[in-house]
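Inspection log for the structure reproduced underneath, given as structure tokens.
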Amino acid sequence: MSKEVSYVWYASYGSNLSRDRFLCYIKGGQPRGSEKREVGCRDKSLPITETTYIMRYPLYFAKESKRWQKQGVAFIGLSKDEQFSTYSRKYLITEEQFMDVVKQENNGATINIDLEELMKSGYKTLRASWYGTILFLGEVDGYPVLTFTADWDLDVPFNTPSKEYLSMIIHGLKSTLSLENTEILHYLITKPGIDGHYTTASLTKIIEEV
């Protein structure tokens with residue numbers, strides 16, 4: 001008897017807003033602008049479906065990523081607050097695929113998730129790493145919506161993302177979420193790590209070039 005396949009929504013943000021970039025985690029490959037080639041999932045089936053999803057958690061940029069020019073990358077805070085509207089794209093994938101995506105975001109470390117326990121607690125840190133905390137965002141169409149972030153919440157120095165990383169996010173906001181240039185500018189310019197580091201003119205230039 002074959003094992004029943006369980007599905008979850010993976011709510012992506014940051015560079016994974018770009019479908020092309022996210023599919024490198026599914027199929028394997030090196031995303032444009034990234035300095036690392038991804039191995040992909042064991043099951044390379046494409047998502048069953050996908051749609052835009054608004055997360056009521058704050059988006060910020062921190063740390064120095066080797067993948068992205070040793071500059072800041074995107075995280076979300078752990079506390080839900082209706083004042084925040086963070087754009088994400090949710091993909092309906094298998095639970096195994098989600099685990100494999102988390103594994104790739106954690107440099108190959110295997111992480112096991114107890115979904116029932118996670119849904120009761122809201123979030124759980126499975127590894128003391130940048131993306132080792134799994135966050136349960138709710139349910140849509142009977143499937144849990146999951147994402148991952150860091151366990152330090154907002155208690156960390158913010159850091160500016162590189163032009164290449166921002167371009168990948170902007171590509172996702174344009175091609176996957178169909179946002180206009182002015183919407184993208186207003187959305188990004190106030191985010192911690194971008195605010196005060198990119199001017200309206202410099203960010204507009206990047207947006208127009210994508």
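The values are calculated or read from the model by the stated rules, or taken from the named source; none is laboratory data. From a predicted model like this one, the values you see are computed outputs, not experimental measurements. Here the Cβ is made from the backbone with ideal geometry for all residues, glycine too, and neighbour counts use every protein chain on show. For accessibility, only protein heavy atoms count, side chains too; no ligands or nucleic acids. Shrake-Rupley method; radii C 1.70, N 1.55, O 1.52, S 1.80 Å.
In table form, for the structure just shown:
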{"quantity": "When residues of the stretch 99-148 are limited to those that are in contact with a Phe, Trp or Tyr (Cβ under 9 Å, 6 or more places away or on another chain) and among the hydroxyl-bearing types (Ser, Thr, Tyr), the one farthest from Thr51 (Cα to Cα)", "calculated": "Ser121"}
{"quantity": "Residue within the stretch 135-146 that is at pLDDT below 90 and either within 16 Å of the chain's Cα centre (by Cα) or among the acidic types (Asp, Glu) (or both) present", "calculated": "no"}
{"quantity": "Any hit, the stretch 122-129, residues being under 20 Å from Cys24 (Cβ atoms) and aromatic (Phe, Trp, Tyr)", "calculated": "no"}
{"quantity": "Extreme residue, modelled with the highest pLDDT, among residues of the stretch 168-186 that are surrounded by fewer than 19 Cβ atoms within 10 Å (Cβ to Cβ), under 16 Å from Tyr13 (Cα atoms) and in contact with a helix residue (DSSP H, G or I) (Cβ under 8 Å, 6 or more places away or on another chain)", "calculated": "Lys174"}
{"quantity": "Residue match in the stretch 139-148 (condition: part of a helix (DSSP H, G or I), touching a residue at least 40 places away in the same chain (Cβ under 8 Å), surrounded by fewer than 16 Cβ atoms within 10 Å (Cβ to Cβ) and not aromatic (Phe, Trp, Tyr))", "calculated": "no"}
{"quantity": "Candidates Ser79, Ser65 - the one that is surrounded by 15 or more Cβ atoms within 10 Å (Cβ to Cβ) and among the hydroxyl-bearing types (Ser, Thr, Tyr)", "calculated": "Ser65"}
{"quantity": "Pairs where the first residue, in the stretch 184-210, is under 19 Å from Leu154 (Cβ atoms) and the second is charged (D, E, K, R), C-beta under 7 Å, 6+ apart", "calculated": "Ile189/Asp195"}
{"quantity": "Verdict on Val73 being of a type in the set (A, V, I, L, M, F, W, C), over 23 Å from Ser45 (Cβ atoms), touching a Gly at 6+ places or on another chain (Cβ under 9 Å) and open to solvent by less than 10 Å² (accessible area, probe 1.4 Å)", "calculated": "yes"}
{"quantity": "Residue within the stretch 122-131 that is polar (S, T, N, Q), at pLDDT below 95 and open to solvent by 40 Å² or more (accessible area, probe 1.4 Å) present", "calculated": "yes"}
{"quantity": "Some residue of the stretch 36-55 being open to solvent by 60 Å² or more (accessible area, probe 1.4 Å), among the β-branched types (Val, Ile, Thr), over 22 Å from Ile170 (Cα atoms) and free of Cβ contacts under 8 Å to residues at least 60 places away in the same chain", "calculated": "yes"}
{"quantity": "Residue count, the stretch 164-183 (criterion: of a type outside the set (S, T, N, Q), touching a residue at least 60 places away in the same chain (Cβ under 8 Å) and not in a loop (DSSP other than H, G, I, E, B))", "calculated": "7"}
